[in-house]
1. Pairs please, first residue from segment 21-36 and of a type in the set (D, E, K, R), second anywhere and crowded, with 16+ Cβ neighbours inside 10 Å, Cβ atoms under 7 Å, 6+ apart in sequence or on different chains.
2. State which residue is nearest to the ligand (Cβ to nearest atom) when the search covers only segment 175-205 and only residues that are of a type in the set (Val, Ile, Thr) and closer than 17 Å to residue 124 by Cβ.
3. (1) surrounded by fewer than 24 Cβ atoms within 10 Å (Cβ to Cβ); (2) hydrophobic (A, V, I, L, M, F, W, C); (3) under 14 Å from the mean Cα position of the chain (by Cα): which one isn't true of residue 93, the others all being true?
4. Of the numbered conditions (1) under 25 Å from residue 58 (Cα atoms); (2) at pLDDT 95 or above; (3) basic (Lys, Arg), residue 239 satisfies every one except a single condition; which is it?
5. Pairs only if they're at least six apart or on different chains, beta carbon under 7 angstrom, first in segment 68-87 and assigned by TED's automatic domain parsing to the domain that holds residue 194 and within 20 Å of residue 137 (Cα to Cα), second hydroxyl-bearing (Ser, Thr, Tyr) and away from the ligand (no atom under 15 Å from the Cβ); list them, first residue then second.
6. Considering only residues of segment 70-89 that are part of a loop (DSSP other than H, G, I, E, B) and polar (S, T, N, Q), which is nearest to the ligand (Cβ to nearest atom)?
7. Any idea which residue in segment 212-231 is farthest from the ligand (Cβ to nearest atom), counting only those that are without any contact (Cβ under 8 Å) to a residue 60 or more places away in the chain and either buried (at least 19 other Cβ atoms within 10 Å of the Cβ) or at positive phi (or both)?
Amino acid sequence: MKIPFSPPYIDQDVINEVVDTLQSGWITTGPKVRALETLVADITGVEKALCVNSWTSGALLVLKWLGVGPGDEVIVPAYTYSATALAVLHMGAKPVMVDVKDDFTIDPEKVRLSMTAATKAILAVDIGGWPCDYNSLNEIVKSDAVAAQFTPANEIQAKIGRPLLFSDAAHSLGAIYNNKQAALAADITIFSLHAVKNITTAEGGVICLNLPAPFDNTEVYSWMRLNTLNGQTTDALTKSQKGNWRYDIVSQGLKINLTDVCAAIGLAQLRKYDSELLPRREAIFNLYTSYFSTKDWAVIPPSVAEGVKSSYHLYLLRIKDITEQQRDAIIQLMADAGVATNVHFIPMPMLTLFKGLGYNIDDYPVAYDNYAHEISLPIYSQLTDEECTFIAEQIEKAYLAVVK
Ligand SMILES: *Cc1c(COP(=O)(O)O)cnc(C)c1O
């Protein structure tokens, strides 16, 4: 058997939607992008959703809107994909890394201890689609103590009056928190539409705006949309219409718009996400769980709790009492058996860039422990039950071979 880790979901409906775009005469930002934004807003319940060409560029835009720069701090978990911290570094600000909990998500107690007068945002990550403890994070950013030391540097920051609760939901489109869509738990949430995520546009992202009053999310959307297109007042589609040639540049915008060709892929996928693709992911997750729950060496990843439900993006299996080297050996045996597995993630303090900036993995013992025992199994809707059983059996075989 040859089982890839995370191939994109491309069916005839996806192909038809892309071909329709190609034949429409309009291939960059236009009706398909707007339709995708509307569908994301409908599904998640947020007031406004804005498509961009990646999660990363969306994060830059949000931090630019917030006016985050040199001297500012943004709290991030040590255990995430590096884009989370890189977005902060790109703005000239400092990512303040904190350790995670056993469930892989940012530890609110560590966040509380790391809040300073320079903290402008908490950028929390829903690892594998499992939502962070947003109730605690909301309580922290909205506490009197935090508000008292918060020092706004511009009108937007003053209007919030506290650090922004910003969600890296690259994995968690469709996740549930407090019995509602998880995108309603933070001020701003960004989903990634990268090729390996639950819904993809090859490369892409969606910014979901859920800012509290007195913010007008439609107004913020308009500012952000302008700044995905060079700060230009008239977009290319509008300009292409008769007599609409004149434009102005009113802000030093980025150029990070999503194209209609790419949006078409995600649009066709998203239409069947709730009814087909997400339930199938859940079924695969549960199949693995029923296999591993009888093994005393396996640690089952979190997926449901009171009012909380994962988007089943990753199956973050952990194996008890093994070393990092034994974990790597299991991954090699899986590859030999034709199954691509992965590790999510190498904690950032173990990577060259961050080591050079002074971060040290010894300060993040839970992140290291989660990493050293973790193996991500394939999980996507095209997998058959037989393939899942094969993968689970191969893991057991590899584990027994390695620990003997
Ligand atoms: C994929 C990913 C990103 C980056 O998404 P892009 O769309 O590739 O920029 C950010 N954070 C996490 C946790 C991710 O897994």
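The values are calculated or read from the model by the stated rules, or taken from the named source; none is laboratory data. No experiment lies behind these values; they were computed from the predicted model shown. When we count neighbours, we look across all protein chains shown, and the Cβ atoms used for this are built from the backbone with ideal geometry, even at glycine.
1. Pairs found: 32/21; 32/260; 32/263; 32/264; 32/267.
2. Going residue by residue through segment 175-205, those that are of a type in the set (Val, Ile, Thr) are 176, 188-190, 196, 199-201.
If we keep only those that are closer than 17 Å to residue 124 by Cβ too, we end up with 176, 188-190.
On the way: 176: 19, 188: 14, 189: 12, 190: 8 Å.
Applying the filter and picking the extreme gives 190.
3. Only one criterion is unmet by residue 93, namely (3).
4. Status for residue 239: all satisfied but (2).
5. Correct list of pairs: 73/116; 73/119; 75/114; 75/119; 78/364.
6. Kept after step one, since they are part of a loop (DSSP other than H, G, I, E, B), are these residues of segment 70-89: 70-72, 78-82.
Then keep just the ones that are polar (S, T, N, Q); that gives 80, 82.
Working: 80: 5, 82: 8 Å.
Among them, the one singled out is 80.
7. First, the residues of segment 212-231 that are without any contact (Cβ under 8 Å) to a residue 60 or more places away in the chain: 212-216, 219, 222, 226, 230-231.
This time we only want the ones that are either buried (at least 19 other Cβ atoms within 10 Å of the Cβ) or at positive phi (or both), so: 230-231.
Numbers: 230: 20, 231: 22 Å.
Only one residue tops the list, namely 231.
Let's see how each residue does on (1) within 16 Å of the ligand (Cβ to nearest atom); (2) in a helix (DSSP H, G or I); (3) buried (at least 21 other Cβ atoms within 10 Å of the Cβ):
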| position | (1), (2), (3) |
| --- | --- |
| 57 | yes, yes, yes |
| 68 | no, no, yes |
| 103 | yes, no, no |
| 116 | no, no, no |
| 120 | no, no, yes |
| 124 | yes, no, yes |
| 128 | yes, yes, yes |
| 151 | no, no, no |
| 156 | no, yes, no |
